[in-house]
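In what follows, a single structure is set out as structure tokens and then discussed.
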Amino acid sequence: MREFSGRRAGRTGCLAILALTLASCASIPPRPLVADSNAASLEARELDDPRLLAFLAAADASAPAGGRWDLHQLTLAAVYFHPDLDVADAQLAVAQAAIRTAAQRPNPSFNLTPQFNATNANPTAWTIGTAINLLLELFGKREARTDEAKALTEAARFDVANVSWQVRGRVRAAMLALWGAEQRAGLIARRRDLQTELAALVERRLAAGDVSALDAGRERANRDILVLAVSDAARDIADARVSLASAIGVPVHALTGLVLDYAALADAKQPSDVATLRKTALTARSDVRASLARYAASEAALKLQLANRLPNLSIGPGYQYDQGDNKFSLSLQTDLPVFNANGGPVAEAMAHRREAAANFTALQAGIITEIDRAEAARKSTGASLVAADTLAAQQADRARRNMRVFNAGAIDRVTLLTGEIDYAAGQESRLQALIAERTALGQLEDALRVPIFTKALPAASTNRTMP
């Protein structure tokens with residue numbers, strides 16, 4: 001009877017362990033990644049996607065009317081589409097899952113050791129031993145490990161915000177480049193038309209013997225240069241459109257038919273209190289807070305390694321059926337810190353903490369340089385824009401005077417065209433100064449991480465539901 005009880009206990013234990021093992025093996029369906037279908041979905045992205053429009057509505061952004069998109073709407077489209085944010089979101093999900101891993105208690109282990117005594121003719125020669133080993137993590141190891149995972153999750157969350165700012169800056173820079181390219185193309189085309197007319201007039205004067213061949217050749221060369229410049233400007237527009245599409249995260253054909261509203265670029269106001277914004281940036285920028293969170297993670301990692309100098313305890317209650325006898329046991333097991341006291345991992349953790357502190361200091365120093373450079377560029381380009389506006393106003397007055405004098409018959413058409421070409425060239429110089437000033441202002445926005453060209457992204461923009 002005792003033999004039957006022992007065997008029944010062994011079978012019951014085995015069945016219990018098997019049931020627990022099967023219950024823990026939850027099935028997760030595979031998700032194959034196919035390159036051609038994934039590429040096809042990227043190629044099919046459009047800015048009239050109903051899900052994107054719903055995302056804009058959730059972010060309190062008005063839907064584009066008549067295919068007219070402004071900077072804020074395109075920025076939200078980039079938040080919805082851009083793969084860099086997918087990567088940041090996935091890294092955040094990994095970090096969040098790591099908290100669960102760090103907080104898990106170690107599973108017990110089960111030992112089953114049946115033995116048969118071949119030298120014993122007794123029918124009860126079987127010996128069945130079972131034991132359950134419970135690992136007890138002591139001295140706050142699990143808590144320290146969980147704190148490290150939580151700090152890394154906080155850093156990953158700020159990384160998402162940091163990537164959002166980077167995406168925002170790329171959209172603004174690409175849209176500014178496209179605006180500048182389109183404006184420059186129009187001005188160059190105007191100069192080309194004027195120069196073509198001037199060259200034709202000089203050719204007629206050459207035929208009449210009123211000018212030299214050198215003069216005619218010079219005007220033809222200027223015309224040819226401008227013809228090539230128009231082609232270069234068209235290429236710049238095409239490149240800028242590709243850059244804008246890339247910044248948004250869509251293929252370039254998704255921009256076909258769009259009417260871009262550049263008002264946010266033209267009307268952006270200068271920040272009023274850069275000194276206060278500078279102090280805020282050095283403490284509250286998302287990359288600064290992410291770096292602080294990583295330092296907190298290094299502190300928790302050091303705490304964990306210090307706790308690992310003290311051993312854990314393993315308790316193993318056991319039962320043995322020994323040829324008709326029921327025997328119970330309790331084993332205690334622990335590591336003996338004889339050869340090392342976890343000195344190597346502690347030293348590594350201390351070095352990582354020092355590295356995290358150095359990275360934080362380097363980041364703040366870089367931000368200071370970034371803000372200083374942006375401020376210097378803003379001031380210098382602002383002064384250049386003021387000078388360009390003054391020259392443009394003078395050239396506009398000169399062009400109006402020339403037209404009055406021409407209408408009065410005091411100057412000929414060649415002189416008038418020459419003045420108009422000079423005025424168009426001055427407009428190009430003024431445009432270059434304006435683009436440089438807007439670019440510097442964008443660099444300041446990136447450095448300070450405060451909205452200058454458009455309003456801040458609403459909280460709804462973080463709830464991305466991707467295709």
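The values are calculated or read from the model by the stated rules, or taken from the named source; none is laboratory data. In this text, all values refer to a predicted model and were calculated from it rather than measured experimentally. When we count neighbours, we look across all protein chains shown, and the Cβ atoms used for this are built from the backbone with ideal geometry, even at glycine. Remember, those area values only see protein heavy atoms, side chains included, never the ligands or the DNA or RNA. Shrake-Rupley method; radii C 1.70, N 1.55, O 1.52, S 1.80 Å.
Taking the residues in the range 317-356 that are more than 27 Å from L306 (Cα to Cα) and small (G, A, S) as candidates, determine which candidate is surrounded by the fewest Cβ atoms within 10 Å (Cβ to Cβ). Walk me through it before giving the result.
Step one: list which residues in the range 317-356 are more than 27 Å from L306 (Cα to Cα), which gives 317-330.
Cutting the leftovers down to small (G, A, S) gives us 318, 324, 329.
Numbers: G318: 16, G324: 16, S329: 11.
Looking at residues that are more than 27 Å from L306 (Cα to Cα) and small (G, A, S), I get S329.
Would you pick out the residues in the range 379-404 that are of a type in the set (K, R) and touching a residue at least 24 places away in the same chain (Cβ under 8 Å)?
R398
Determine, yes or no, whether A102 is over 30 Å from L332 (Cα atoms) and of a type in the set (G, A, S). Spell out how you get there, then give the answer.
Details: over 30 Å from L332 (Cα atoms): no; of a type in the set (G, A, S): yes.
It is false that A102 is over 30 Å from L332 (Cα atoms) and of a type in the set (G, A, S).
Checking L258 against (1) touching a strand residue (DSSP E or B) at 6+ places or on another chain (Cβ under 8 Å); (2) of a type outside the set (F, W, Y); (3) at pLDDT 95 or above, only one condition comes out false. Which one?
Unmet for L258, out of (1) touching a strand residue (DSSP E or B) at 6+ places or on another chain (Cβ under 8 Å); (2) of a type outside the set (F, W, Y); (3) at pLDDT 95 or above: (3).
If I ask for residues that are open to solvent by less than 60 Å² (accessible area, probe 1.4 Å), within 26 Å of the chain's Cα centre (by Cα) and more than 15 Å from H82 (Cβ to Cβ), which ones from the range 230-254 would you list?
Within the range 230-254, D236, I237, A238, A240 qualify.
Take the residues of the range 259-284 that are of a type in the set (V, I, T) and under 22 Å from the mean Cα position of the chain (by Cα): which is nearest to A362 (Cα to Cα)?
Per the stated criteria, the residue is T283.
Collect the residues in the range 265-295 that are open to solvent by 60 Å² or more (accessible area, probe 1.4 Å), modelled with pLDDT of 95 or more and of a type in the set (A, V, I, L, M, F, W, C), keeping them in residue-number order.
Result: L292, single match.
Can you name the condition, by its number, that A424 falls short on among (1) modelled with pLDDT of 95 or more; (2) in contact with a Lys or Arg (Cβ under 6 Å, 6 or more places away or on another chain); (3) within 18 Å of I188 (Cα to Cα)?
So A424 meets the others, but not (1).
Yes or no: the range 133-142 includes at least one residue that is among the aromatic types (F, W, Y), open to solvent by 40 Å² or more (accessible area, probe 1.4 Å) and more than 30 Å from D322 (Cα to Cα). Steps first, answer last, please.
To start, the set of residues in the range 133-142 that are among the aromatic types (F, W, Y) comprises 139.
Now narrow it down to the ones that are open to solvent by 40 Å² or more (accessible area, probe 1.4 Å): 139.
Next, from what is left, pick out any that are more than 30 Å from D322 (Cα to Cα): 139.
Checked against the condition, which is being among the aromatic types (F, W, Y), open to solvent by 40 Å² or more (accessible area, probe 1.4 Å) and more than 30 Å from D322 (Cα to Cα), the range 133-142 yields at least one hit.
Suppose we filter K269, K303, K327 for residues that are of a type in the set (D, E, K, R) and assigned to a helix (DSSP H, G or I); which single one remains?
That would be K303, the only listed residue that is of a type in the set (D, E, K, R) and assigned to a helix (DSSP H, G or I).
Looking at the range 49-65, which of its residues are open to solvent by 70 Å² or more (accessible area, probe 1.4 Å) and more than 20 Å from A456 (Cβ to Cβ)?
P50, R51, A65
Cβ-Cβ under 7 Å, sequence separation 6+ or interchain: first residue in the range 130-147 and at negative phi, partner β-branched (V, I, T). Which pairs?
L134/I315; L136/I315; T146/I99
Given (1) touching a Lys or Arg at 6+ places or on another chain (Cβ under 7 Å); (2) of a type outside the set (G, A, S); (3) within 18 Å of G419 (Cβ to Cβ), identify the lone condition not met by W165.
Checking W165 against (1) touching a Lys or Arg at 6+ places or on another chain (Cβ under 7 Å); (2) of a type outside the set (G, A, S); (3) within 18 Å of G419 (Cβ to Cβ), the one that fails is (3).
Quick test for you: out of R294, R289, R220, R235, pick the one residue that is closer than 21 Å to R168 by Cβ and not polar (S, T, N, Q).
Values: R294 fails: closer than 21 Å to R168 by Cβ; R220 fails: closer than 21 Å to R168 by Cβ; R235 fails: closer than 21 Å to R168 by Cβ.
Exactly one residue qualifies, and that residue is R289.
So for the range 85-107 (the condition being out of contact with any Ser or Thr (no Cβ under 7 Å at 6 or more places or on another chain) and within 30 Å of D267 (Cα to Cα)), does at least one residue qualify?
No, because not a single residue in the range 85-107 is out of contact with any Ser or Thr (no Cβ under 7 Å at 6 or more places or on another chain) and within 30 Å of D267 (Cα to Cα).
Within the range 288-318, how many residues are closer than 14 Å to A151 by Cα and either of a type in the set (D, E, K, R) or without any contact (Cβ under 8 Å) to a residue 40 or more places away in the chain (or both)? Quick ask: steps written out before the conclusion?
Within the range 288-318, the subset closer than 14 Å to A151 by Cα is 288-304.
Okay, now just the ones that are also either of a type in the set (D, E, K, R) or without any contact (Cβ under 8 Å) to a residue 40 or more places away in the chain (or both), so 289, 294, 299, 303.
Matching residues across the range 288-318 total 4.
From (1) β-branched (V, I, T); (2) over 21 Å from A301 (Cβ atoms); (3) under 22 Å from the mean Cα position of the chain (by Cα); (4) open to solvent by less than 20 Å² (accessible area, probe 1.4 Å), pick out the condition that doesn't hold for V163.
Only one criterion is unmet by V163, namely (4).
Within the range 138-168, how many residues are of a type outside the set (V, I, T), in a helix (DSSP H, G or I) and over 30 Å from H82 (Cα atoms)?
Pass one, the range 138-168, residues of a type outside the set (V, I, T): 138-145, 147-152, 154-159, 161-162, 164-166, 168.
With the extra rule that they be in a helix (DSSP H, G or I), the set shrinks to 141-145, 147-152, 154-159, 161-162, 164-166, 168.
Still in the running and over 30 Å from H82 (Cα atoms): 141-145, 147.
Total meeting the criteria: 6.
Each row is one residue, and each column tells you yes or no for (1) over 25 Å from S291 (Cβ atoms); (2) open to solvent by 50 Å² or more (accessible area, probe 1.4 Å); (3) among the aromatic types (F, W, Y); (4) out of contact with any helix residue (DSSP H, G or I) (no Cβ under 7 Å at 6 or more places or on another chain).
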position: A358; (1), (2), (3), (4): no, yes, no, yes
position: A362; (1), (2), (3), (4): no, yes, no, yes
position: G366; (1), (2), (3), (4): no, no, no, yes
position: D372; (1), (2), (3), (4): no, yes, no, yes
position: L391; (1), (2), (3), (4): yes, yes, no, no
position: A399; (1), (2), (3), (4): yes, no, no, no
position: G426; (1), (2), (3), (4): yes, no, no, no
position: R449; (1), (2), (3), (4): no, no, no, no
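Which of the residues that make up the range 438-447 are among the acidic types (D, E) and open to solvent by 10 Å² or more (accessible area, probe 1.4 Å)?
Within the range 438-447, the first condition is being among the acidic types (D, E), and the residues that meet it are 445-446.
Across the range 438-447, the qualifying residue is only D446.
For the range 198-224, give me the residue count where each residue is among the acidic types (D, E) and open to solvent by 70 Å² or more (accessible area, probe 1.4 Å). Spell out how you get there, then give the answer.
At the first step, the residues of the range 198-224 found to be among the acidic types (D, E) are 203, 210, 215, 219, 224.
Next, from what is left, pick out any that are open to solvent by 70 Å² or more (accessible area, probe 1.4 Å): 210, 224.
Residues meeting the conditions: 2.
Looking at (1) assigned to a loop (DSSP other than H, G, I, E, B); (2) within 30 Å of R205 (Cβ to Cβ); (3) among the polar types (S, T, N, Q), which is the one condition that is false for T454?
(2)
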